[in-house]
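Engineer: The following block contains the structure, expressed as structure tokens.
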Amino acid sequence: METVVRRDALVRFGYALSDATRTQILLSLCRGGRYPSDLADDIGVSRQTVSNHLACLRGCGLVVAIPEGRRTRYELADPRIGHALNDLAGVVLAVDPGWCPASDEKECC
């Protein structure tokens, strides 16, 4: 596996968190390994959507797939990812709520 510099690792992490579904998948995996069908049911999206996002998260190096017979379980690639997510979630930022609504296409800082 290619080792990425710190900047590239943060870019990948940021890209993964830029989508609400990927963020929810990562938060769910903080509680332990999960199967895609269970993630889809919990998050309320299709299995195909979860599969696509899991492929992205694997590509970013944030999750790993663990074959278990005919099923595949996913978990965080490193327990420190869960700690980082919890730390990020605990940060409170003072932002203008009108600046970056989730449905808006404009770039946020």
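Engineer: Could you please rank SER51, SER18, placing first whichever residue has the fewest other Cβ atoms within 10 Å of its Cβ?
Structural biologist: Values: SER51 15, SER18 10.
Ranking SER51, SER18 by Cβ neighbours within 10 Å, fewest first, gives SER18, SER51.
Engineer: Rank these for me by crowding, ARG22, ARG70, going from fewest to most other beta carbons within 10 Å. Let's see the in-between values first.
Structural biologist: Values: ARG22 21, ARG70 5.
The most exposed by this proxy come first: ARG70, ARG22.
Engineer: Between LEU88 and GLU68, how high is the FRET efficiency from 1/(1 + (r/R0)^6) when r is the Cβ-Cβ distance and R₀ = 25 Å? Nearest 0.05. Numbers along the way, then the final one.
Structural biologist: Values: r = 30 Å, r/R0 = 1.19.
It comes to 0.25.
Engineer: Along each principal axis of its Cα atoms, how long is the stretch 6-85 end to end? Whole angstroms, biggest number first, please.
Structural biologist: On the principal axes, the stretch 6-85 reaches 36, 23, 20 Å in Cα extent.
Engineer: Points 7 angstrom from Cα along the Cβ direction at ALA9 and THR49: gap in nanometres?
Structural biologist: If labels sit at ALA9 and THR49, their model points lie 3.1 nm apart.
Every number here is computed from the coordinates shown, using simple stated rules; none is lab data. Model, not experiment: these values are computed from the prediction. We place every Cβ from the backbone using ideal geometry, glycine too, and count neighbours over all the protein chains shown.
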